[in-house]
């Protein structure tokens, strides 16, 4: 029997109440991560539908989820079940994708610092690779020459140098970005054309403009530069050598409300208008979306341990801080989060009469603040706070300051009959695991050195 799904905000409310009732959160487990499975499925379906609407029938399209956004095997498996592959940028991410059952033909390896061993493994497994720079391309050329089997799809990443967005650290198409071949540098474009002419096995072109803070028009401009370069290369070599364009990902997320804007359909429609030849069937497509597929489906839920006042401002000391919301703590203007308030039973606190207050985390430095002077219902010890839109990066990029344990993560399914089912995504980290990671097996190693 299939239950009727409910809307995002309603599912979230049900999940918070159920997490308390079912003991996932409490004095002994004061912080958890929750993932809305229905939301993830919906986002994946919307991505597929958005591009199915614009590509020519029969066009090969691979939507490769950026593993760095949620480096969790059950999440990767869920997305694989929904028809997505994986974009990986390290040996660890590749291992996670393979553990999730993602087949090599649905994995793309990107990274600006691939070792010979990583490149060799990719060739042996049949994983697509995008080379980042001339030295890496030379290294790849040597491996291809001595490889016994035909290579998997191999490409070259270019930097279209179309500019940056509002968050410099996430803008990868600036004049001095560390990624790809900088196309506007003297002689670079000609070098790229020759590189393809000299390597018939080089069949893909990759470009990625950035992510959060990058407007859609800037992203589309970068894709257009890559498309025009592919056309130039194919004309120069006299055949359709480049058969696939990897257009990256980077769709920004609205962190101000539950509204999903911009959407993948909006971006696909803009690309069709800006780069019509991209979808006429001559080129296969690869996308590498991450944050936009999973951010809205995540919730950090944390207990308020104490409340106090300093300088006349109320402060709620919680168990969610820099160890989870690292970007928010260190760059709050770029990464503000919505904070919701619940009572100890997981019921939303009335929003009338909000009081400006700080929401602090558990880390032992003064700047560990999730929100400053934020109007919220007055928080009390034992209450709960929720950090919304945290499905991407907040669960997979744990900051181990103060040796705080990684929280448990649970996926949930909520339905109109009020039922909520949870599934463990990752167990809470134990003290024994923290001690083991900190070198307890070698406790006397330094003492024995003379």
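Laboratory data are not the source of any read-out in this text; all were calculated from the coordinates shown. Since the structure is predicted, the reported quantities are computational estimates derived from the model, not experimental observations. Note that we place each Cβ from the backbone using ideal geometry, even for glycine, and neighbour counts take in every protein chain shown.
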With a 10 Å radius around each residue's Cβ, average the other Cβ atoms per peptide and rank 42-50, 210-218, 20-28, highest first. 210-218, 42-50, 20-28
Considering only DSSP beta bridges where both residues belong to segment 37-294, give the percentage that are antiparallel (nearest 5). 5 percent
So for each of 421-427, 156-162 I average, over its residues, the number of other beta carbons within 10 Å; can you give me the resulting order with the highest mean first? 156-162, 421-427
Which stretch or stretches of segment 161-178 have amide N atoms under 16 Å from the point lying 7 Å from residue 113's Cα along the Cα→Cβ direction? 178
Kindly identify the chain as rounded, prolate or oblate by the Cα gyration tensor criterion: order the square roots of the eigenvalues as a ≥ b ≥ c, call it rounded if a/c is under 1.5, otherwise compare a/b with b/c, prolate if a/b is larger, else oblate. prolate
Distance from the Cα centre of segment 222-244 to that of segment 335-406, in angstrom? 48 Å
Using only the alpha-carbon atoms, how far is helix 216-237 inclined from the longest principal axis of the chain? Give it as 0 to 90 degrees, nearest 10. 20 degrees
At 0.36 nm per residue, minus the direct Cα-Cα distance, what do residue 399 and residue 280 gain on full extension? Give it in nm, one decimal, please. 38.4 nm
Computed from every Cα-Cα pair in segment 37-294, P(r) in 5 Å bins starting at 0 and rounded to whole percents is 1, 6, 14, 18, 21, 19, 13, 6, 2, 0, 0
May I ask you to derive the FRET efficiency for residue 178 and residue 28 from their Cβ-Cβ distance with R0 = 35 Å, giving the value to the nearest 0.05? 0.20
I want the antiparallel fraction of DSSP beta bridges within the chain, as a percent rounded to 5. 50 percent
What's the center-to-center distance, using Cα atoms, between segment 414-446 and segment 39-75 in Å? 29 Å
Determine the shape class of segment 329-447: with a ≥ b ≥ c the square roots of the Cα gyration tensor eigenvalues, call it rounded for a/c under 1.5, and otherwise prolate if a/b is greater than b/c, oblate otherwise. oblate
For segment 194-346, projected area of the alpha-carbon convex hull averaged over all directions, nm²: 12.8 nm²
For the chain, the longest principal axis of the Cα atoms and the Cα long axis of helix 264-274 enclose an angle in degrees, to the nearest 10, of 30 degrees
Okay, which of segment 47-74 sit inside 15 Å, backbone N to the point 7 Å along the Cα-Cβ direction of residue 269? 47, 49-55
C-alpha long axis of helix 134-145 to longest principal axis of the chain, angle in °: 70 degrees
Separation of alpha-carbon centers, segment 186-203 and segment 115-141, rounded to whole Å: 16 Å
What order, most packed first, do the peptides 140-149, 68-77 have when packing is the mean number of other Cβ atoms within 10 Å of each residue? 68-77, 140-149
Between residue 240 and residue 436, 0.36 nm times their residue separation minus their Cα-Cα distance comes to what? 65.2 nm
